[in-house]
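Scroll down for the structure; my scribbles are underneath it.
The values are calculated or read from the model by the stated rules, or taken from the named source; none is laboratory data. Since we're looking at a predicted model, the values are computed, not measured. With ligands, DNA and RNA removed, areas are computed over all heavy atoms of the protein, side chains included. Shrake-Rupley method; radii C 1.70, N 1.55, O 1.52, S 1.80 Å.
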Amino acid sequence: MRALIVFVMLALTGCGQETPSTATSPAPPSPSQSSSDPAADLVRNFRMGANLEQMANDVAASTHTYATVSPVDVKARISRLAPKYQAEWDANLARAHAAHLSPEELRSLASEGRRSPFHSKLERQRPAIAADMKAASSGLLQRLVREALMGAAERS
């Protein structure tokens, strides 16, 4: 059940809170921001992984344990724990995009956002990207939620 919730949320959110399709003006990459990994640049420039905390809260709320602990405590714990998992989440998101888009397409999307000529290809690839993200990250999300719920349960 939890994996289904994660998959649906990933699919509905397009794997990220702010993507080239929803961003109004992408942050142009500066030489200090650009890396040798255009997929990582895309994820960073559009803060595509910013949904980790919200997704963890949603998954936590869907568990039986959540009803037995303080929701405020769980949310606070998730907020404190999310940075510990963020780099891995972002790396998984970058790999999911890199599996379906070429480096040239990723560079264009990272710098031009929805104005990129490859934006329509990104939109077509979203279901496959979401499936890859689910496979790569559902365990990470479960670890984050488990850690937060266990901490909240110990305190209760």
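A few points about this structure:
- Entry for segment 49-91 at q = 0.16, 0.27, 0.32 Å⁻¹: log10 I(q)/I(0) = -0.40, -0.93, -1.12, Debye formula applied to identical alpha-carbon scatterers, no solvent contribution.
- Geometric extent, Cα atoms of segment 116-156 - Rg, Dmax (angstrom): 16.8, 53
- Cα-based reach from Lys84 at 16 Å (exclusive), listing lysines while leaving out same-chain residues under 8 positions away: Lys75
- Stretchable slack from Arg115 to Ser102, in nm (0.36 nm times residue separation minus alpha-carbon distance): 3.0 nm
- Computed from the Kirkwood radius of its Cα pairs, the Stokes-Einstein diffusion coefficient for segment 28-109 at 10 °C and 1.306 mPa s stands at 111 µm²/s.
- With all protein chains kept in place, the per residue accessible area of segment 35-156 amounts to 48 square angstrom at a probe of 1.4 angstrom.
- Area projected by the alpha carbon convex hull of segment 61-156, averaged over all directions, nm²: 7.2
- Net lengthening on full extension, Glu154/His64 (0.36 nm per residue, minus Cα-Cα): 30.9 nm
- Solvent exposure ordering (accessible area, 1.4 Å, most first) of Thr63, Thr68: Thr68, Thr63
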